[in-house]
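First up is the structure itself, then whatever we jot down about it.
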Amino acid sequence: MYQGQTLHLTRLDNQLVELCFDRKDEAVNKFDALTVEELRIACKTIRDSGDVHGLVLTSAKDSFIVGADIFEFTQLFARPESELAAYNLAQNRVFNELAQLPLPTVCAINGLALGGGFEVTLATDFRVLGNAAKVGLPEVGLGIIPGLGGTARLPRLIGSAASIDWITSGKPQTSAAAKQLGAVDEVVDDQAVRQCALAVLAEAVSGQRDWQALRRQRSLSFALDTEQSANAKAAVIARNPLVPAPLLAIELLERSAGLSLAEALNEENRTFAQVAQTQAAQALVQLFINDQYLRKKTRDYAKASRKLSRAAVLGAGIMGGGIAYTSAANGVLTIMKDISQAALDLGMAEAGKLLDKQVSNNRMTQFQAERVLESITPTLTYQGMDKVDVLVEAVVENLAVKKTVLAAVETQVAASTVLTSNTSSLSITEIASALQRPENFVGMHFFNPVPVMPLVEVICGPHTSEQSAATVASYAATLGKTPIVVKDCPGFLVNRILTANVLAFLRLIHDGADYQAVDQAMEAFGWPMGPAYLQDVIGMDTSRHVIDCISQGYGDRMLPGFTHAVELMVTEQRLGQKNGLGFYRYDRDIKGRLVKSVDPDTQALLTRVQPQGRREFSSEEIVERIMLPMLIEAARALEEGICESAIEIDMALILGVGFPRPVGGALKYADWLGLPALVARCDHYTALGGLYQVTPQMREMASNNLKFYS
């Protein structure tokens, strides 16, 4: 009857028709503009034929439909709200045409039916679900709400309370949960889904199932559980106040409860367009696209990589043990070498402790943990080093020591072995000067704690070969990390940008700000912890070392020019969590966990680095003064080619330092503010020094109203 690129219509016996979603040349079905248009054509074909008595919807893929094509959202959401509402209304009309066909409709759901893929099933009269299949509305994860009838049709099936839970959590629901609540009519073995759907359709055609009565019932209003709704609103605000979509979804259901289905669909359409314009939606959609971009780059690195089966870690202890554990736990045979037996013992103990935690959390069996530990070979010699494909040096953060140990181990490994140095601040170019094969040398900056933090910076010196960089990036991906390839510069990428943030914080304190007010403002902005608390976690001595190393690399622009709070804390031996006293005080509870509290002496101490005394700052000014230098430094890194793309810079900040996801990263945030407004605000603060000085390229972008994400 009809053959499209994403679906086709086929006549069956007894004047039934099958609409099968089967996107050509792709592994999954998704709802994009083409699919919606072909669904419109299919519905018109069925209606015009005049001789169809029933319709079954199926999928030829392993999953029914996995959701919308998120890549269409960026341009779509850039439209004015009225245009977006009109576009979405046109898509909704197609779903309504399906729902209003003058014949019974049944959906056979296999695998996953998510987002628009679930919403199209809600537009049919009956749903049959496979045992292993899942359905759901995950849109809130992108900062949006269902926009193709989900908020209007779902509560008419399962009630308002369950609908609010499904929509605001975004979690896929099991077949058992869906059946219990009435979201689906039948649950059967996965192999029998189509057969059962045809049987249900036959019953509807014969009148055994009254599909017309169901449609009349579902077109009416639904009852609202007001108490549950109020509780849910409080919960979503507490859970993530920076993403308005869950709250707006609940408020939409509250408004829709007394409306007819048609009125509720119109209200959903209006709200969808409104939510899509929010900062969180724009940011989270871009982050989804960014994640896909990084996944593709990782696949490309794997293709260009040398073979990886054996690794070595040079330097044991806590850091070396953590790297060796991460390597071995991901299937790579790993040698761990040190010159000290005590350090080796500590490294193996650290690996064992991490494995015990995996076993206690039921992520690994005891047998698996033992096999992982056996795949780590501790050694005081170079035995076996000639067989490793990649070596990670993790000795003390000292340039001379690193150059010495890497030059020595280079003579013990194969000519093809890629050497890496785990460093957070030392020059990769300078370390490489000690090596005979600098093309085989790459920086590899793990973030602490190694087993937990998802980012690894892969740092290329001027002589690093593309294959060596690809090999290390592929190795990082094998360890379950996200590799970001950067060029060598002081601080590399993340610490360079973070240092601008820290210096801005220290200048705020110098100018009289209350450190607690600063932390509160930045945490309200979305940071997992404020900058004062972060210094305590890092350790004041470590932070001072990083600030000194990186700021000296950028001259006057980053040199503080005043005695700052971190220097004062080090002088006073207030090192942060490591000795229980920093900006805050830290004590152990009965379970041995650190508990943060306000130290009454901190504010008086800080007056020694506040020459003008105390001063109040608004939350808005605090956020501006701390965030603007980060945005400028991120833009500088992009201009200098430290990273290839704005995507990689933003993802490195999100994965490496917890940059607020609903803001989207430094450069996405700059786009949200708009370059003209950003430059104007930076100019407002130029008296504070070079941290706030924008580049000529940023001014040119502002004059042309350009964006970092074009």
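Coordinate-derived values only; no laboratory data. Just so we're clear, the structure is a prediction, and the values are computed from it rather than from any experiment. Cβ: placed from backbone, ideal geometry, glycine included. Neighbour counts: every protein chain shown.
Descriptive notes on the structure:
- Simple spin-label estimate for Lys303 and Ser82 gives 4.6 nm between the two label positions (7 Å along the Cα-to-Cβ direction from each Cα).
- Cα long-axis angle, helix 245-256 against the chain (0 to 90 degrees, to the nearest 10): 20 degrees
- Panel values: the range 495-703, Kirkwood radius from alpha carbon pairs, Stokes-Einstein at 10 °C and 1.306 mPa s, translational diffusion coefficient 90 µm²/s.
- Cα-only radius of gyration and Dmax that characterise the range 285-390, units Å: 16.1, 50
- Test item: Cα-centred dipole of the range 248-312, Lys/Arg +1 and Asp/Glu -1 on Cβ, debye: 1140 debye
- Cα gyration tensor shape for the range 608-657, rounded if a/c is under 1.5, else prolate or oblate: prolate
- Residue-averaged [θ]222 nm for the chain, counting only DSSP H segments that reach four residues, each worth -39500 (n - 2.57): -15500 deg cm²/dmol
- Rounded, prolate or oblate (a/c below 1.5 giving rounded, otherwise prolate when a/b exceeds b/c) for the range 29-106 by Cα gyration tensor: oblate
- Residue order, fewest to most surrounding Cβ atoms within 10 angstrom, among Thr334, Thr10, Thr542: Thr10, Thr542, Thr334
- 3J(HN,Hα) couplings calculated from phi for the range 632-647 with the Karplus curve 6.51 cos²θ - 1.76 cosθ + 1.60 (θ = phi - 60°) are, in sequence order, 5, 5, 5, 5, 4, 4, 5, 4, 7, x, 4, 10, 6, 8, 4, 4 Hz; Gly and Pro show x.
- When each of the peptides 227-239, 112-124, 590-602 is scored by how many other beta carbons lie within 10 Å of its residues on average, the order from highest to lowest is 112-124, 227-239, 590-602.
- The separation of the range 205-271 from the range 284-321, counted between C-alpha centres, amounts to 43 Å.
- Members of Lys61/Lys171; Lys24/Lys44; Lys357/Lys481; Lys307/Lys353; Lys30/Lys134; Lys297/Lys668 lying beyond 24 Å, as alpha-carbon distances in this model show: Lys307/Lys353
- For the peptides 666-673, 630-637, residues were scored by their other Cβ atoms within 10 Å and the scores averaged per peptide; the highest-first order is 630-637, 666-673.
- Taking label points 7 Å from Cα along the Cα-to-Cβ direction, Lys24 and Phe288 give a separation of 2.6 nm.
- Listed residue (Val486, Ile41, Gly321) projecting farthest to the positive dipole end of the chain, Cβ model: Gly321
- Theoretical FRET efficiency, 1/(1+(r/R0)^6), r = Cβ-Cβ of Thr686 and Ala33, R0 56 Å, to 0.05: 0.75
- Neighbours of Phe222, meaning other residues whose beta-carbon lies under 11 angstrom from its beta-carbon, give a summed charge of +2 when Lys and Arg score +1 and Asp and Glu score -1.
- Cβ-derived FRET efficiency at R0 60 Å, Glu466 paired with Gln208, nearest 0.05: 0.35
- Per-residue HN-Hα couplings for the range 261-271 [Karplus 6.51, -1.76, 1.60; θ = phi - 60°; Hz; x = Gly/Pro]: 4, 4, 5, 5, 5, 5, 5, 4, 4, 5, 5
- Value of relative contact order over the range 2-277, rounded to a whole percent, pairs C-alpha under 8 Å and six or more apart: 18 percent
- The alpha carbons of the range 2-277 give a radius of gyration and a Dmax of 17.7, 55 Å, in that order.
- If the segment from His53 to Gln75 were pulled out straight at 0.36 nm per residue, it would be longer than the present Cα-Cα gap by 3.9 nm.
- Sorting Lys481, Lys61 from the fewest to the most surrounding beta carbons within 10 angstrom yields Lys61, Lys481.
- The structure-derived value of semi-axes √(5λ) of the Cα gyration tensor in Å appears in the list [x] 46, 39, 23; [y] 52, 32, 24; [z] 37, 30, 28 under the label [y].
- Neighbourhood charge, 12 Å Cβ-Cβ cut-off, centred on Asp185 and excluding it, Lys, Arg +1 and Asp, Glu -1: 0
- Computed E for Ser645/Leu399 - FRET, C-beta separation, R0 22 angstrom, nearest 0.05: 0.15
- In a simple Cβ point-charge model (Lys, Arg +1; Asp, Glu -1; nothing else charged), the chain has a dipole of about 580 debye relative to its Cα centre.
- Distance in nm between pseudo-label sites at Ala407 and Gln191 (7 Å out along the Cβ direction from Cα): 6.8 nm
- 5 angstrom amide H check on Arg127, placed H, neighbours 5+ away: Cys107, Asp185, Glu186
- Val456 long-range amide H proximity, modeled H, under 5 Å: Thr482, Ile484
- Cα centroid of the range 11-35 to Cα centroid of the range 575-628, whole Å: 60 Å
- Inter-part distance, the range 650-707 to the range 476-530, computed on C-alpha centroids, equals 14 Å.
- Sequentially through the range 304-319, phi angles give Karplus couplings (6.51, -1.76, 1.60; θ = phi - 60°) of 8, 6, 6, 4, 10, 9, 9, 9, 9, 10, 9, x, 9, x, 5, 5 Hz, Gly and Pro residues having no value and appearing as x.
- Placing unit charges on the Cβ atoms of the charged side chains and taking the dipole of the range 555-710 about its Cα centre, the candidate lying farthest along the positive direction among Gln577, Gly561, Val663 is Gln577.
- Listed by Cβ neighbour count within 10 Å, with the fewest neighbours leading, Ser219, Ser465 appear as Ser219, Ser465.
- Charge dipole (Cα centre; +1 on Lys/Arg Cβ, -1 on Asp/Glu Cβ; no other charges) of the range 36-90 amounts to roughly 120 debye.
- Database remark: amide H of Val418 closer than 5 angstrom to the amide H of Val390, Leu391 (H placed geometrically; neighbours at sequence offset of 5 or more, or on other chains; Pro and chain starts carry no H).
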